[in-house]
Amino acid sequence: METAGRMNAALGIMCKAPRPGRTKTRLAAHLGPAQAAQLSACFLRDVADAVLAVPETLGRQGYGVYAPAGSEAELAAILPPAFRLVLQEGADFGVVLSTTVQRLLEHSHDCVVLINSDSPTLPAALLTAAVTALRRPGDRVVLGPAIDGGYTLIGLKRHHPALFTDIPWSTGDVLRLTRARAVDGGLEVAMLPLWYDIDDAETLGLLQAEIAGTPPAFATPGIVGGPAAATRALLTQWSEA
């Protein structure tokens with residue numbers, strides 16, 4: 001348990017053990033299963049680095065919210081030693097998200113930010129902004145919109161299961177419907193700047209361009225992508241092979 005009275009945000013990365021044929025299946029159609037799994041592991045390392053780049057003075061703890069059971073050693077070899085592991089519960093993604101928020105809030109965290117593992121250049125500034133927004137007086141949900149109509153992160157300071165119920169996951173309606181649920185429930189919505197995740201050949205091209213020095217066209221002025229050191233090194237290795 002955390003020290004009583006101390007603000008400590010839980011920053012949880014939703015992740016799967018990067019196994020060929022079981023992760024990044026859409027990218028695997030473009031790269032092949034083995035390379036897609038390698039890239040997935042690099043994405044996870046880079047998102048974890050973004051979590052560690054959130055100032056410690058804010059109070060934060062990184063988590064890998066993972067599947068499947070039995071992959072703890074694989075993930076421990078990828079995630080920083082300071083991270084903790086929380087096993088995903090349930091097959092429905094909405095149940096997984098809702099249960100994770102509830103569990104982490106019950107574990108003496110004052111707020112929870114759940115982050116997808118497919119945004120290796122996710123700016124740490126967005127994570128810091130999410131925690132800062134949640135720490136303001138009053139209840140709210142913080143959303144980091146993604147270019148595909150989903151979200152790169154969701155932050156809460158209280159458990160609101162309705163935000164995760166009957167959402168058509170992996171569609172372009174996720175963000176819109178989540179906002180609508182919040183509004184219907186009288187919950188304030190704080191929106192962060194737009195970012196992206198990498199799911200297919202098109203978004204991989206965006207990533208390659210960003211790493212080569214061309215910022216995404218949608219990027220908010222002043223918001224700079226993270227270094228993505230692990231992903232950058234792997235893509236360089238492939239290009240030189």
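The values are calculated or read from the model by the stated rules, or taken from the named source; none is laboratory data. Note that this is a predicted model, so its numbers are computed, not measured. Positions of Cβ are generated from backbone atoms using ideal geometry, with glycine treated the same way; all protein chains shown enter the neighbour counts. For accessibility, only protein heavy atoms count, side chains too; no ligands or nucleic acids. Shrake-Rupley method; radii C 1.70, N 1.55, O 1.52, S 1.80 Å.
Using a/c under 1.5 as the rounded threshold, could you call the range 142-238 rounded, prolate or oblate? The axes a ≥ b ≥ c are square roots of the C-alpha gyration tensor eigenvalues, and prolate needs a/b larger than b/c, oblate otherwise.
Values: a/c = 2.58, a/b = 2.11, b/c = 1.22.
Prolate shape, in that a/c is at least 1.5 and a/b is the bigger ratio.
Ignoring any ligand, DNA or RNA, what whole percent of the accessible area of the chain comes from carbon and sulfur when the probe is 1.4 angstrom?
The value for the chain is 55 percent carbon and sulfur by accessible area.
Where a ≥ b ≥ c are the square roots of the eigenvalues of the C-alpha gyration tensor, would you call the range 53-99 rounded, which needs a/c under 1.5, or, failing that, prolate if a/b is larger than b/c, or oblate?
Taking the square roots of the gyration eigenvalues as a ≥ b ≥ c, the range 53-99 is oblate.
Taking the chain as the reference, fit the longest principal axis to its C-alpha atoms, fit the long axis of helix 124-135 to the helix C-alpha atoms, and give the angle between the two in degrees, 0 to 90, nearest 10.
The answer is roughly 10 degrees.
Give me a comma-separated list of calculated 3J(HN,Hα) values for the range 228-239, in order, Karplus coefficients 6.51, -1.76, 1.60 applied at θ = phi - 60°, integers in Hz, x for any Gly or Pro.
In residue order, the calculated couplings are 6, 4, 5, 5, 4, 5, 5, 5, 5, 4, 5, 5 Hz.
Solvent-accessible area per residue for the chain at a 1.4 Å probe radius, Å²?
Per residue, the chain has 45 Å² of solvent-accessible surface.
Of 25, 152, which has the most accessible area and how do the rest follow, probe 1.4 Å?
Correct descending sequence by accessible area is 25, 152.
For the chain, what is the mean residue ellipticity at 222 nm derived from helices alone (per DSSP H run of n ≥ 4: -39500 (n - 2.57); sum divided by total residues; nearest 500 deg cm²/dmol)?
Helix-only estimate at 222 nm: -11500 deg cm²/dmol.
Taking a 1.4 Å probe, which of 231, 171 shows the most accessible area, and what order do the others take after it? Before the final figure, lay out the partial values.
Working: 231 0, 171 55 Å².
Descending order: 171, 231.
Working with all protein chains in place, sort 119, 170 by solvent-accessible area computed with a 1.4 Å probe, largest first. Write down the numbers at each step before the final one.
Details: 119 0, 170 125 Å².
Accessible-area ranking of 119, 170, largest first: 170, 119.
So, taking all protein chains as they sit and a 1.4 Å probe, how much accessible area belongs to residue 176, in Å² rounded to tens?
The accessible area of residue 176 comes to roughly 140 Å².
Give, as a single signed number, the net charge of other residues whose beta carbon lies under 15 Å from the beta carbon of residue 20, with Lys and Arg counted +1 and Asp and Glu -1.
+4
For the chain, give me the percentage of DSSP beta bridges that are antiparallel, rounded to the nearest 5 percent.
30 percent
Just to confirm the filter: which chymotrypsin sites (Phe, Trp or Tyr not before Pro) across the range 131-221 are DSSP coil and have at most 15 other Cβ within 10 angstrom of their Cβ?
169, 218
So between residue 106 and residue 202, what do we pick up on full extension, going 0.36 nm a residue minus the alpha carbon distance?
Difference between extended and current length: 30.6 nm.
Just the accessible area for residue 173, please: 1.4 Å probe, Å², rounded to the nearest 10?
60 Å²
What shape does the range 111-190 have by the C-alpha gyration tensor, where a ≥ b ≥ c are the square roots of the eigenvalues, rounded means a/c under 1.5, and otherwise prolate means a/b greater than b/c and oblate the rest?
Oblate shape, in that a/c is at least 1.5 and b/c is the bigger or equal ratio.
Are there trypsin sites (Lys or Arg not before Pro) in the range 57-165 that DSSP marks as loop and that have at most 15 other Cβ atoms within 10 Å, and which are they?
158
Within the range 35-126, list the GluC sites (Glu not before Pro) lying in a DSSP loop whose Cβ has at most 16 other Cβ atoms in a 10 Å radius.
The qualifying sites are 89.
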